[in-house]
Amino acid sequence: MIDEICVVGFPSRLGGADTELDHQIRVWQHLGVKVHLIHTAQLDHNCHLMGMAERGCVIHSPCDWNACQGKHVISYCNAGFLENLDEISSKAKSTTFVNCMTWLFEKEKECHRRGLIDFFVYQTDHAMQKIAHDLRTLNSDYRPRKINPYFHLDEFPVIHDRDEDTFRFGRLSRSDPAKFHPSQLWIYETMVAPVMKSGVMLGVDAGIRAKIGQEPEWIRAYPPGELSAQEVYRHSHCIIQATETYENLPRIGFEAMASGSLLIVDDRGGWRELVQHGVTGYLCSDQRSFVYYASRAAYEKEERLAMTQAARSWLESKWSLESSASDWKKFFCELAEFSRCTELVN
């Protein structure tokens, strides 16, 4: 097995790929792998708050591609990695790209066509299946690997003391209009509860309001970054989130399940991987089913609490450190036998 890995990019508590990277570093270090970090931008306040040096990572200067020399390099959905892959691949022992989307970046396709990406890692079968054909068409030397990701529960403890005088719900995402279904506010206004309703929406800006309308006074809407994810979960009995996107494996789903916020989400894509319908959350096929299950969650408190407890247990068993470590160890053993230099000669 390899004993060190070089990451192009930097962990964060903002953004799906960077939060996932943060959690996977814990697995790699659990396996005894030394982690080198090369950010593609200047280290900002958020980067320093991550405490990567204190956790034992080796921090290199931004864009110091010489640090890739003779190392296995991995990157999570990072555009700077793809833009500099010519130089990175000339120095690296192997290159691995983790695409956290269910679609391909144009630069990703170009790099794969030119043979600059040795391995592709995916978190779900459905994401891999959606893009495998196009990548194989571009270059038959395509090595996809599925690795079960780890979710670090400690950062999202169960919240027990939410106010029950109102039915409290939330939604959060980046401010991408596709992340917001045009009927989102209609769902909130139409669903019913035995008490007053109170909502929080994170990731709302002028572009989002142009699509979904102006929120009512009983819903507080915040631009991206103004609240932490933990503050949204602290408010929310449920995360009621309709989108127009086909998600891969939404990190907010993990966070909500850990925090005790019931997921009421779309019946497609990665939500199906996270939610066992009627057991750990609700999967909704249309706007009316969102209204029905949200109303049911509001009225059936005991059922809701039982489901949030089941969701946390499901999270602990399905996305455990041990499960993820087993997959990463197999992949790292494969990397130990691989070298770009050898492959290029052959």
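Taking the Cβ of M101 as the center, what net charge do the other residues with Cβ under 10 Å away carry, scoring Lys and Arg +1 and Asp and Glu -1? Write down the numbers at each step before the final one.
Values: positive: K130; negative: E108, E247.
Charge balance near M101 sits at -1.
The solvent-accessible area of D163, taken with every protein chain present and a 1.4 Å probe, is close to 60 Å².
How much FRET efficiency would the formula 1/(1 + (r/R0)^6) give for D134 and D3, where r is the Cβ-Cβ distance and R0 is 45 Å, rounded to 0.05? Mind showing how you got there, number by number?
On the way: r = 35 Å, r/R0 = 0.77.
It comes to 0.85.
Taken about its Cα centre, the chain carries a charge dipole of about 440 debye when Lys and Arg each add +1 at the Cβ and Asp and Glu each add -1 at the Cβ.
Applying the Kirkwood pairwise sum to the alpha-carbon positions of region 214-346 produces a hydrodynamic radius of 17.0 angstrom. Here region 291-332 is treated as a sphere whose radius is the Kirkwood value from Cα pairs; by Stokes-Einstein at 25 °C and 0.890 mPa s it diffuses with a coefficient of 197 µm²/s.
Please give the FRET efficiency for Q42 paired with S285, using the beta carbon to beta carbon distance and R0 = 41 Å, rounded to the nearest 0.05. Mind dumping the intermediate values first?
Working: r = 45 Å, r/R0 = 1.09.
My answer for the efficiency is 0.35.
Each Cα pair under 8 Å and six or more residues apart adds its sequence gap; the mean of these over the residue count of region 115-235 is a relative contact order of 24 percent.
Please report, ordered by residue number, every helix of the chain (full DSSP H runs) that is 15 Å or longer along its axis going by C-alpha atoms and whose mean Kyte-Doolittle hydropathy reaches -1.0.
Details: long enough: 16-30 (22 Å, -1.07); 125-138 (20 Å, -0.60); 287-299 (18 Å, -0.43); 301-318 (25 Å, -1.06); 321-336 (22 Å, -0.14).
For the chain, where a helix must reach 15 Å along its axis and average at least -1.0, the hits are 125-138, 287-299, 321-336.
Each label was represented as a point 7 Å from its Cα along the Cα-to-Cβ direction; for E231 and E334 these points are 4.2 nm apart. Counting charges near T308 (Lys, Arg +1; Asp, Glu -1) among other residues having Cβ under 15 Å from its Cβ returns a value of 0. Once the dipole of the chain is set up with Lys and Arg at +1 and Asp and Glu at -1 on Cβ about the Cα centre, which of L116, P224, A310 lies farthest towards its positive end? Towards the positive end, the residue furthest out is L116. Charging the Cβ of each Asp and Glu at -1 and of each Lys and Arg at +1, and nothing else, the dipole of region 204-325 about its Cα centre rounds to 120 debye.
With the cut-off at under 18 Å, measuring from each backbone N in region 147-185 to a point 7 Å along the Cα-to-Cβ line of E54 picks out 154-156. Positive end of the dipole of the chain (Cβ unit charges, origin at the Cα centre): among L262, L37, H277, the Cα lying farthest that way belongs to H277.
The lysines within cross-link reach of K301, meaning a Cα-to-Cα straight distance under 20 Å and a gap of 8 or more places when in the same chain, are K197.
Let me have the relative contact order for the chain, percent, based on Cα pairs under 8 Å that are six or more residues apart.
Values: 647 pairs, mean separation 57.7, N = 346.
In percent, rounded to a whole number, it is 17.
Rounded, prolate or oblate, given the Cα gyration tensor of the chain, with a/c below 1.5 counting as rounded?
Details: a/c = 2.00, a/b = 1.90, b/c = 1.06.
Cα axes put the chain in the prolate bin.
Extending 7 Å from the Cα toward the beta-carbon at both Y222 and E83 defines two label points whose distance is 3.0 nm.
Can you work out the FRET efficiency for the pair S323 and R272, with r the C-beta to C-beta distance and R0 = 22 Å, to the nearest 0.05?
On the way: r = 19 Å, r/R0 = 0.85.
After rounding, the FRET efficiency stands at 0.75.
Label positions at Q309 and K146, each projected 7 Å from the Cα along the C-beta direction, are separated by 3.2 nm. For region 1-159, the residue among V8, F105, A132 whose Cα projects farthest onto the positive side of the dipole built from Cβ charges is A132.
Roughly how many debye, to the nearest 20, is the charge dipole of region 170-262 about its Cα centre, given +1 on each Lys and Arg Cβ, -1 on each Asp and Glu Cβ, and no other charges?
Values: 9 positive and 10 negative charges, 14 e Å.
Dipole size: approximately 60 debye.
State, to one decimal in nm², a quarter of the convex hull surface area for the C-alpha atoms of region 1-146, i.e. the direction-averaged projected area. Spell out each step's value before the answer.
Working: hull surface 32.5 nm².
The Cα convex hull of region 1-146, projected and averaged over all directions, gives 8.1 nm².
The values are calculated or read from the model by the stated rules, or taken from the named source; none is laboratory data. In this text, all values refer to a predicted model and were calculated from it rather than measured experimentally. Backbone-built Cβ (ideal geometry, glycine too); neighbour counts: all protein chains shown. We work out accessible area using only protein heavy atoms, side chains counted, and drop any ligands, DNA or RNA first. Shrake-Rupley method; radii C 1.70, N 1.55, O 1.52, S 1.80 Å.
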